[in-house]
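Trainee: Okay, here's the structure, questions in a sec.
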Amino acid sequence: MHQALRGLLATLLLSLSAQSALAEDTPADQQAAYQAWAEEFVASLTPEKGTIVLPGGKATLEVPDNFYYLNPEDSRRVLEEAWGNPAQDLHLGMLFPAEYSPVDAAAWGVTLDYEEEGYVSDEDAADIDYADLLKTMQSDIAESSQARVEMGYEPIRLVGWATQPYYDAAQHKLYWAKELQFGDSTEHTLNFNVRVLGRQGVLLMNFVAGMSQLEEIQAGREEVLAMASFNEGHTYSEFNPEIDKVAAYGIGGLIAGKVLAKAGMLTAALLLLKKFWFLLLMPLIWLKKMIFGRKEA
């Protein structure tokens with residue numbers, strides 16, 4: 001068995017014990033159904049480490065031993081089957097800390113994608129009023145939340161900055177973090193964002209986690225930032241104003257979500273759902289086995 005996979009399975013067994021403790025009131029047959037599904041799900045994944053050229057060939061990851069990468073198809077399955085999100089278009093895959101399997105209650109991941117909207121000028125980086133920008137974003141998310149409710153999802157509220165935006169002009173990398181609330185949940189969601197600027201577009205790296213994990217993610221932030229880089233021919237410094245397209249927004253637009261305008265803020269928000277999905281999944285898996293078991297009989 002692949003060494004990385006063995007590590008994931010070992011972590012899974014510890015995770016399942018903790019999850020069972022949280023689900024003491026869940027019937028034993030449902031817990032067994034979930035455990036069987038979770039073991040099969042993790043075993044079906046293909047974690048990778050080392051040098052990984054991302055799909056499209058524009059950027060590369062250098063994944064250390066304390067992280068692992070999942071390809072786009074495995075990542076889609078994590079987001080949809082394990083974390084309970086609607087169908088996703090995730091083109092570049094995900095990163096995870098090696099100490100967690102995707103079904104671990106404490107797991108967090110980093111979604112990877114690329115948006116080719118053109119060269120994003122960083123000339124406005126030093127002049128942004130982040131307090132005003134936050135107010136604008138809160139208004140925009142409140143508006144998009146109405147669309148979520150109409151589609152049958154719980155509303156979403158932007159509580160505030162969890163980490164105020166910071167732009168590294170030397171590395172052309174930007175990060176910030178938002179605190180979000182879904183419905184009336186007392187467990188707020190952490191939306192930690194990283195953007196790596198390139199010649200023709202932006203590499204999007206979004207952490208999916210809970211607010212209680214902010215300190216852990218802050219500790220690993222620089223390591224995640226260092227993993228990603230654009231390949232030769234696509235770097236920010238190679239921008240040619242005579243032939244390259246310039247994006248219609250700057251750093252402020254990136255933070256406000258303009259890069260997601262085509263997909264919509266709704267899609268971005270749906271990626272954030274994860275916390276305790278395994279507890280909701282247990283009775284559903286049990287019910288599915290009952291229904292299909294009877295059908296086969």
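The values are calculated or read from the model by the stated rules, or taken from the named source; none is laboratory data. It should be emphasised that the depicted structure is a prediction, and the values quoted were computed from it without experimental measurement. Cβ sites come from the backbone with ideal geometry, for glycine too, and all protein chains shown count toward neighbours. Please note that ligands, DNA and RNA were not included when accessible areas were found on the heavy atoms of the full protein model with its side chains. Shrake-Rupley method; radii C 1.70, N 1.55, O 1.52, S 1.80 Å.
Trainee: Hey, what's the Cα Rg ratio for the range 59-180 versus the globular rule of thumb, 2.2 N^0.38 Å?
Mentor: Details: Rg = 17.0 Å, N = 122, 2.2 N^0.38 = 13.7 Å.
Ratio of Rg to 2.2 N^0.38 Å for the range 59-180: 1.25.
Trainee: In addition: Give me a comma-separated list of calculated 3J(HN,Hα) values for the range 244-251, in order, Karplus coefficients 6.51, -1.76, 1.60 applied at θ = phi - 60°, integers in Hz, x for any Gly or Pro.
Mentor: 8, 6, 9, 5, 7, 9, x, 4
Trainee: In whole Hz, with x marking every Gly and Pro, tabulate ³J(HN,Hα) for the range 62-68 from phi via Karplus 6.51 cos²θ - 1.76 cosθ + 1.60, θ = phi - 60°.
Mentor: Result, ordered by residue: 10, 8, x, 5, 8, 9, 8 Hz.
Trainee: Measure off, as a whole percent, the carbon and sulfur share of the 1.4 Å-probe accessible area of the range 41-122, all protein chains present.
Mentor: Answer for the range 41-122 is 46 percent, counting heavy atoms of protein chains only.
Trainee: Moving on to the next point. Under a crude label model (7 Å from the Cα following the beta-carbon direction), how far is I128 from E40 in nanometres?
Mentor: Reported label-point gap for I128 and E40 is 4.5 nm.
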